[in-house]
Amino acid sequence: MATSFSGSMRGGRGRKFKSEINVVPYIDVMLVLLVIFMVAAPLTNPTVINLPTAANTTQPPTEFIQVSLKPDNIASIGITTAAGSNNAVDSMPDRAALLAKLRELHASNPELAVMISADKDLKYDEVIQIISQAKKIGIARVALATK
């Protein structure tokens, strides 16, 4: 009794293909992309800001109201003349007193511009708040002092 094994053992049917997706190559590609992005991410520095440059004014004012802001919440205000002297420099422990003195100086000298000199360690928001309050008082010319 010889039996022939030329077909499959399942009763002579042909082979069935599996209808499953092989996801291993996709996982390999995703891991390679993940490594590339992890290596490339520290190379980009999003904190670098290219600030615009501004030209100097043609004629700086000879007299102006000088507001000096320090990081320890101490501010001073006074009128600076062409000779470089400060008249009536007052040291203010809080911003409300500074704004009251600024109102007073602007009322007595409405033509003077305001020059704000702030310490570089001071928060940017505090400088912007002083500029905003000066504009609300009615001061048309507000400038920032730089080195």
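None of the figures in this text is laboratory data; all of them are computed from the coordinates on show. Nothing here was measured: the structure is a model prediction, and the numbers come from that model.
Quick notes on this structure:
- Taking amide hydrogens as placed 1.01 Å from N in the peptide plane, the amide H of residue 117 sits under 5 Å from those of 67, 68, 69, 145, each at least 5 positions away in sequence or on another chain.
- Beta bridges by DSSP in the stretch 64-144, antiparallel share as percent, to the nearest 5: 55 percent
- Hits among aspartates and glutamates - C-alpha to C-alpha of residue 120 under 14 Å, sequence gap 8 or more where chains match: 72
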